[in-house]
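Comments concern the structure below.
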């Protein structure tokens, strides 16, 4: 499936994904003007994305690598047209919502992550020696059975998944639409 090319700055894109759009400014044709997009968010450095000429249109691509520079949240942008003999002017401005890159979400080393690693290592080690109990000098020692460890692994995987989802939502919590819906019910 090809990456879709929007007809203007998209209202949102995901960090870590390639984003493309084309734009036309009748007063600033790409055949004689250059265009640079400036993206800014409080406490973040300004990110510059240069457009390329495609006839009188501008083609803009934010590569997957470049999009990782965007922290999740709302960013302001300005499209600045420049022409050596004319000067520079902001052709357009607006906002864009950047969604978090799921592959970059760091949930840290929670208990669930650590326990999942240990349980999976235990299961991998016991695939060869699946002895669940032993008796030494009359003392019986029993360890958790393989089926119990598989159940525990599944529960821990679910917990890690929930933690990652919470971290993604937290990263994007200052984005519009994340506040939920208000509903009022009436009788009759």
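Computed from the coordinates by the stated procedures, all read-outs in this text should not be read as laboratory data. What you see is a predicted model; the values in this text were computed from it and never measured. Cβ sites come from the backbone with ideal geometry, for glycine too, and all protein chains shown count toward neighbours.
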Theoretical FRET efficiency, 1/(1+(r/R0)^6), r = Cβ-Cβ of residue 123 and residue 169, R0 22 Å, to 0.05: 0.10
Net lengthening on full extension, residue 4/residue 111 (0.36 nm per residue, minus Cα-Cα): 34.5 nm
Volume per residue that the Cα convex hull of region 5-100 spans, once the total is divided by residue count, Å³: 88 Å³
Antiparallel DSSP beta bridges within region 1-92, percent to nearest 5: 90 percent
Extension gain (nm, one decimal) between residue 86 and residue 71, 0.36 nm per residue minus Cα-Cα: 1.9 nm
